[in-house]
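Accompanying notes for the structure given below.
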Amino acid sequence: MVRTFLARGLLIGLLAGLIAGAFAFAFGEPRVDHAIALEEAAAQAGAPDPDAGTAEHGHAEAAEHGHGEDAVVSRPVQKAGLFLATGLYGLAVGGVFALVFAGLRGRVGPRSDGRLAVAAAGTAFTAIILVPFVKYPANPPAVGDPDTINSRTLLYVVMILVGLAATAIAVATARRVEGGPWARWTAAAVAFLVPVVAAWWLLPAVNEVPEGFPATLLWEFRLASIGTQLVFWTAFGVLFGWASDRAERRAAAHPLVAAPS
C-alpha cells in the first residue's frame, strides 16, 4: 500500500510541478527579466571611468554579476531549466507527502482519503510556505546582500521549523479538546497562531531592498512567487485527493481484487 501511495505521489508531484512551472514561466519570469535588467543597468552605471585605466576591470566585474546572454548559464537556458527545477521539486515533495499521508491515513484528519489529501496539502502549504513567506518573502535579483545569504537562509529554515512545530501543536490540541468541530477548530487555530506570531515578532527583520528599486516590481515578483507555490499545492492536493478517492471507491467495489498482498 505504501508503494502505491509513493508511486501516486511521485507521478502527481511531477505533474503539479510542471503546472507550477508553467505559472512561474508566465508570471514570474518577466519580473525576473525586469529585475535583471535593473541590476545590470546599475552595474554599468557604477562601472569605473574607462579614462581612468580601469575599464577592463569594470567590464569584467559587470560580466561576473550579469545574468544575460554572457552569464555562465544564459537566460534562455535558465528559463528552460525552470521546468526541470519545478519538476524535481514536485517529485521530492510528492514522495515525502505520500509517505506522510500513508502514516496519517486512518489516524488523524478526515476519514476520506480525498479529503485527507486536500487537508494535508493545505496544511503543508500553510506551515512550510506561507508561514516563512510572511516574515521573509522572496526577493528578485538585485535585491539582497550576498554577504547575508547564510543568515537569511538560516532564518527562513527556522520559520519553516516553527510552522511545522505549530502544526503539530495545533493537531495535538484539537485532539484533546472536547466539544464540537467549532471548539476543536478554534482551539487548533489559536494553538497554531501563538507560536507563529511570536516567531514573526521575535525573529529579526530582513530589509535589503536597495533604494530606488521599483515597489511595483517587488510586489509583483513576490505575488508570482507565492502564486507559484499556491498553484503547485492546490494542483497537487486536488489531484492526489481525486486519485485517492478513485482508488478508495475501486477498492470498495472490488475488495478482493484491490486488497494488497
Output the number of residues of the stretch 136-152 satisfying the condition of being in contact with a helix residue (DSSP H, G or I) (Cβ under 6 Å, 6 or more places away or on another chain) and closer than 25 Å to G90 by Cβ.
-> 5
Restricted to the stretch 91-111, and to residues that are of a type in the set (G, A, S) and either over 15 Å from M1 (Cβ atoms) or without any contact (Cβ under 8 Å) to a residue 12 or more places away in the chain (or both), which residue is surrounded by the most Cβ atoms within 10 Å (Cβ to Cβ)?
-> G94
Do we find a residue being touching an Asp or Glu at 6+ places or on another chain (Cβ under 7 Å) and either surrounded by fewer than 17 Cβ atoms within 10 Å (Cβ to Cβ) or farther than 30 Å from V143 by Cα (or both) anywhere in the stretch 234-242?
-> no
Out of the residues in the stretch 57-84 that are small (G, A, S) and surrounded by 15 or more Cβ atoms within 10 Å (Cβ to Cβ), which is modelled with the highest pLDDT?
-> A71
Test: residue in the stretch 244-260 that is surrounded by fewer than 19 Cβ atoms within 10 Å (Cβ to Cβ), among the hydroxyl-bearing types (S, T, Y) and touching a residue at least 40 places away in the same chain (Cβ under 8 Å) = no
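Yes or no, residue by residue, for (1) in a helix (DSSP H, G or I); (2) polar (S, T, N, Q); (3) over 30 Å from L99 (Cβ atoms); (4) under 23 Å from the mean Cα position of the chain (by Cα):
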{"site": "A189", "(1), (2), (3), (4)": "yes, no, no, yes"}
{"site": "P195", "(1), (2), (3), (4)": "yes, no, no, yes"}
{"site": "V209", "(1), (2), (3), (4)": "no, no, yes, yes"}
{"site": "L223", "(1), (2), (3), (4)": "yes, no, yes, yes"}
Take the residues in the stretch 211-221 that are assigned to a helix (DSSP H, G or I) and loosely packed, with under 14 Cβ neighbours inside 10 Å, then tell me which one is nearest to the chain's Cα centre (by Cα).
-> W219
Filtering the stretch 197-207 down to residues that are more than 19 Å from D147 (Cα to Cα) and without any contact (Cβ under 8 Å) to a residue 60 or more places away in the chain, which residue is nearest to the chain's Cα centre (by Cα)?
-> V197
Residues in the stretch 134-152: is at least one of a type in the set (G, A, S) and under 24 Å from A119 (Cβ atoms)?
-> no
Among A22, A26, which is the only one that is exposed (fewer than 14 other Cβ atoms within 10 Å of the Cβ), out of contact with any His (no Cβ under 7 Å at 6 or more places or on another chain), at pLDDT 90 or above and on the phi < 0 side of the Ramachandran plot?
-> A26
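The values are calculated or read from the model by the stated rules, or taken from the named source; none is laboratory data. Here the structure is a predicted model, which means the values were calculated and not measured. Heads up, the Cβs are rebuilt from the backbone with ideal geometry, glycines too, and the neighbour counts pull from every protein chain shown.
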